[in-house]
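Rule-based calculations on the coordinates, nothing more; no lab input. What you are looking at is a predicted structure, and each value in this text was computed from that prediction instead of being measured. Ideal geometry is used to build each Cβ from the backbone, glycine not excepted, and the neighbour counts take in all protein chains shown.
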Amino acid sequence: MRCGLVIMEIAHMPARQRFIFSIDDLPNARGNSAELSFHDGSPDAFAAQFQEALREPTLWQRWKAMQPDPDAVDPALGMTDAAATVEAQQSDVHVRVILKSSLPHAIIRHRLTLLIGKHWTLRDVSAA
């Protein structure tokens, strides 16, 4: 019975996708909460922090603890992808971010918004 459950869970895992985002003015891009925001200006530092936020539950757990009723927060929002990869490349004042992950777009959007607010634009999504 347990094996059947594991197989069913694996069958419902989302496919790995490649997301391309652009960020204007990364050094000034911040989320609404200073405790959760990105606080560096380099694309490499951002890529490392965003990748960690997708691979590890730490950022999500800190956000959850700040909610009025942490126990009411949907635990599915805490999903992680240990294989997520993030690259960021500077071009003039724009930063191009390439993310490969099996996480749903809603989770990625939430973590990205915690880090840099709404200072990003989704440019493309495709199979990884």
| query | Anyone know which of 34, 88, 76 comes out most mobile in the 10 Å Cα GNM of the chain? | reply | 76
| field | Leading residue at positive end of dipole, region 15-127 (Cβ point charges), from 39, 86, 27 | value | 86
| said: Output wanted: per-residue J couplings in Hz (rounded whole) for region 91-105, from phi through Karplus 6.51 cos²θ - 1.76 cosθ + 1.60, θ = phi - 60°, x for Gly and Pro. | reply: 9, 6, 9, 9, 10, 9, 10, 10, 10, 10, 7, 9, 5, x, 3
| query | Using θ = phi - 60° and the Karplus form 6.51 cos²θ - 1.76 cosθ + 1.60, what ³J(HN,Hα) does each residue of region 32-42 get, whole Hz, x for Gly and Pro? | reply | 6, 10, 4, 5, 10, 6, 5, 10, 9, x, 8
| Label residue 102 and residue 127 with points 7 Å out from Cα along Cα→Cβ: what is the distance between them in nm? | 1.6 nm
